[in-house]
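Reading through the structure tokens given below for one structure.
The values are calculated or read from the model by the stated rules, or taken from the named source; none is laboratory data. Every value quoted in this text rests on a predicted model; they were computed, and no experiment measured them. Note that we place each Cβ from the backbone using ideal geometry, even for glycine, and neighbour counts take in every protein chain shown. Just the protein is used for accessible areas: all its heavy atoms, side chains included, with ligands, DNA and RNA removed. Shrake-Rupley method; radii C 1.70, N 1.55, O 1.52, S 1.80 Å.
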Amino acid sequence: MPDNIDAQKMRRAPQWTSGEVCIVGSSPEQPISASVEAAALASAVARWDLPVRRWAYRQMGAASAGKPDVDVIDPMLRRRLSPLARLALSAAVACGPLPPACRVVYASQHGEIQRTTQMLEALVRREPPSPTAFSLSVLNATPGVLSIARNDRSAINAVAASDDTLGYALLDAWTQHRETPDTPLLVIFAFDAPPACYGPTAGQPDDSANALAFLIASDATAHLTCTMHLPVGRDTCAEPRSQSSSLLTSLMGGGSDIWRGERHDWQWEWREEPQHASV
């Protein structure tokens, strides 16, 4: 373990292997409040920085008319895509133009939960599942569709980490970017709430499906700094809003925002130059 990592603070955190993920030794540049700043100082675990060339957000039922634009996908396959996959691919394409070779980190807490539930219900009725439905239900199916459409055989990582899914996807993106900084990387996060038959699976009121995508590239003029904290001085339960809602607050308003999770607290700080664009 690197010398600058406090083993005691890492007791509930991943065992980093790079000293470039550093313990935060000073207060955030734009603290939310005095109490938040004090908690950050006491519980900071690690911090990393991502250069973002472009980002995009899509939400089910948003003002944009019609279905999300996924014209890059072959029409025969496009009509089989779930609403969540359409959102995710629309956000991904909006981060373009994508380079010919672009690695992908795809993150989703529940994945294609609607399609999976439909297959389980079909099995209960003793009906065989559709091969197409099955192939499109796995977690990495959506980025796989994108790679086929773009004829891009770059690596794809799929991440699911409960309420912390988006944060760990950004950490995965950072580790890959650190190893090969000259190759751009696309992060796609997609969320869809489970059907009512699963009961309360997450205390998130914003249950509408949504997707968030980032194109990570070394030449980007905007930067997203992510900081992981251990929760201190409170019950370890996640706050009602989602992690993506917290990050979107930082992206839309600039500056910092903190999301309090069950296992970790996550702080985002967004800095951009005037020419930076989002969709």
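General observations
- Sulfur and carbon atoms: percent of accessible area, the range 81-131 [1.4 Å]: 64
- Peptide ranges 150-160, 82-92, 49-59, 167-177 listed from the most packed, as the mean C-beta count within 10 angstrom indicates: 82-92, 167-177, 49-59, 150-160
- Each label was represented as a point 7 Å from its Cα along the Cα-to-Cβ direction; for Glu262 and Ala155 these points are 3.0 nm apart.
- Rg/Rg_ref, the range 70-150, where Rg_ref = 2.2 N^0.38 Å and atoms are Cα: 1.17
- Surface per residue (accessible, 1.4 Å probe) for the range 68-137, Å²: 50
- FRET efficiency, Met252 to Met60 (Cβ-Cβ, R0 22 Å, nearest 0.05): 0.75
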